[in-house]
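*Asks:* Have a look at this one before I ask anything.
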Amino acid sequence: MDLDKYRKLFLEECREYLQSMNRELLRLEKEGEGFGGIDTLFRDAHSIKGMAGSMGYDSIVALSHAMEDVFDGIRARTLPATQEISS
């Protein structure tokens with residue numbers, strides 16, 4: 001299997017997800033508890049985790065999973081949406 005082709009695709013897609021996450025984190029920092037983009041953040045982290053898993057990038061899987069946990073906590077309102085989280 002030609003991993004170079006898939007690596008390039010992985011990087012391109014991750015770049016798009018990370019740009020989306022950056023936009024949403026800036027909104028979270030600005031809006032705090034009224035933030036409405038938590039589902040987007042969770043979905044982006046989940047997508048990166050899945051792609052990383054298929055490529056065998058275990059450290060990225062672990063980081064993405066940790067981000068999912070934080071975003072899920074905000075979504076469930078068990079973790080406050082603070083500026084510290086978005087920084």
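*Asks:* For segment 26-45, give me the residue count where each residue is in a helix (DSSP H, G or I) and in contact with an Asp or Glu (Cβ under 9 Å, 6 or more places away or on another chain).
*Replies:* The total comes to 6.
*Asks:* Somewhere in segment 55-71, is a residue open to solvent by 30 Å² or more (accessible area, probe 1.4 Å), farther than 19 Å from LYS8 by Cβ and either touching a Ser or Thr at 6+ places or on another chain (Cβ under 8 Å) or of a type in the set (Lys, Arg) (or both)?
*Replies:* No, segment 55-71 contains no residue that is open to solvent by 30 Å² or more (accessible area, probe 1.4 Å), farther than 19 Å from LYS8 by Cβ and either touching a Ser or Thr at 6+ places or on another chain (Cβ under 8 Å) or of a type in the set (Lys, Arg) (or both).
*Asks:* Could you give every pair whose Cβ atoms fall below 6 Å, whose first residue belongs to segment 29-40 and is closer than 14 Å to LEU79 by Cα, and whose second residue is aromatic (Phe, Trp, Tyr), counting only separations of at least 6 or pairs across chains?
*Replies:* ILE38/PHE71
*Asks:* Within segment 72-84, can you find the residues that are open to solvent by less than 50 Å² (accessible area, probe 1.4 Å) and assigned to a helix (DSSP H, G or I)?
*Replies:* GLY73, ILE74
*Asks:* Shifting gears a bit: Please work out which residue is nearest to LEU3 (Cα to Cα), limiting yourself to segment 24-38 and to residues that are open to solvent by 30 Å² or more (accessible area, probe 1.4 Å) and either under 10 Å from the mean Cα position of the chain (by Cα) or of a type outside the set (Asp, Glu) (or both).
*Replies:* LEU25
*Asks:* When you look at PHE10, is it part of a helix (DSSP H, G or I), surrounded by 15 or more Cβ atoms within 10 Å (Cβ to Cβ) and modelled with pLDDT of 95 or more, yes or no?
*Replies:* Taking the combined requirement at face value, the residue satisfies it.
*Asks:* Has segment 44-51 got any residue that is touching a residue at least 12 places away in the same chain (Cβ under 8 Å), open to solvent by less than 60 Å² (accessible area, probe 1.4 Å), touching a helix residue (DSSP H, G or I) at 6+ places or on another chain (Cβ under 7 Å) and of a type in the set (D, E, K, R)?
*Replies:* yes
The values are calculated or read from the model by the stated rules, or taken from the named source; none is laboratory data. Since we're looking at a predicted model, the values are computed, not measured. When we count neighbours, we look across all protein chains shown, and the Cβ atoms used for this are built from the backbone with ideal geometry, even at glycine. Just so you know, the surface numbers come from the protein's heavy atoms only, side chains and all, with ligands and any DNA or RNA stripped out. Shrake-Rupley method; radii C 1.70, N 1.55, O 1.52, S 1.80 Å.
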